[in-house]
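See below for the structure under consideration.
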Amino acid sequence: MASAKFLEGDRTSPSQLRALIDPSKYEYVYDMNARKVEDVAPLAEMFVGKEQFKQYVFMSSAGVYMASEEMPHVETDPTDPQSRHVGKLESEQTLRSLGIPFCSFRPTYICGPQNYNPVERYFFERIAAGRPVCIPGHGQHLTGLGHVYDLSVAFCNVIGREQFTTGQVYNIQNTQAITFDGVAKAAAKAAGVDPSNVKI
């Protein structure tokens, strides 16, 4: 990271982006934190028609899918226009309409080092404290986990493969679904605690 150059500005402001970014110098954009079209469009529009530009890699979410009794989701599953992640879905549609080369990743719950979203931390903290792990409902709802390493490898694998990735959507998670009770038990096992001793 020592050689990385950090730019600070308002990503929703086209004038600020133009002042900070020369689009002719970039072949790839990795957009990791956009949540709505207003975040995506000003940046993506800068790369329309740029011959050297190879791929806009967008971090979407598996939260865009309709609820399903079959898990894990596949990329052809119906999406939910009422999802709380609808901004991600609309951002994908915006990228497609702009005609720039892009691909989108739809991870489920990502776990691993330096996680800003304490997905797994909640379970480990409760288990380490010897406290009950509170899970809504009956605990048998299915979800999916993915490790940040696998996600980062997938991101890196876009480079040089634009002829395959352009226009594609990729789900990222473990090959198997897991219940929320199962997550608690897996966390206990990883922490060296007998899962049968964890109160859920």
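The values are calculated or read from the model by the stated rules, or taken from the named source; none is laboratory data. Keep in mind the model is a prediction, meaning the values are calculated, not measured. Ideal geometry is used to build each Cβ from the backbone, glycine not excepted, and the neighbour counts take in all protein chains shown. SASA here: full protein model, heavy atoms, side chains in, ligands and nucleic acids out. Shrake-Rupley method; radii C 1.70, N 1.55, O 1.52, S 1.80 Å.
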Do we find that residue 65 is open to solvent by 40 Å² or more (accessible area, probe 1.4 Å) and of a type outside the set (D, E, K, R) in this structure? no
Assess whether residue 45 counts as being part of a helix (DSSP H, G or I), open to solvent by 80 Å² or more (accessible area, probe 1.4 Å) and touching a helix residue (DSSP H, G or I) at 6+ places or on another chain (Cβ under 7 Å). yes
Name the residues in region 52-101 that are in a loop (DSSP other than H, G, I, E, B) and among the β-branched types (Val, Ile, Thr), would you? 74, 76, 100
Which of the residues that make up region 8-31 are charged (D, E, K, R), over 16 Å from residue 49 (Cβ atoms) and open to solvent by 70 Å² or more (accessible area, probe 1.4 Å)? 8
Residue 187 being within 26 Å of residue 67 (Cα to Cα) and in contact with a strand residue (DSSP E or B) (Cβ under 8 Å, 6 or more places away or on another chain): no
Filter region 76-101 down to residues that are modelled with pLDDT of 95 or more, within 16 Å of the chain's Cα centre (by Cα) and open to solvent by 30 Å² or more (accessible area, probe 1.4 Å) and give me whichever is farthest from residue 51 (Cα to Cα). 79
Counted residues in region 137-160 being over 20 Å from the mean Cα position of the chain (by Cα) and within 25 Å of residue 89 (Cβ to Cβ) come to 1
Residue ranges of helices (runs of 4 or more DSSP H) in region 102-195 with at least 3 members open to solvent by less than 50 Å² (accessible area, probe 1.4 Å) and farther than 30 Å from residue 48 by Cβ: 121-128, 180-190
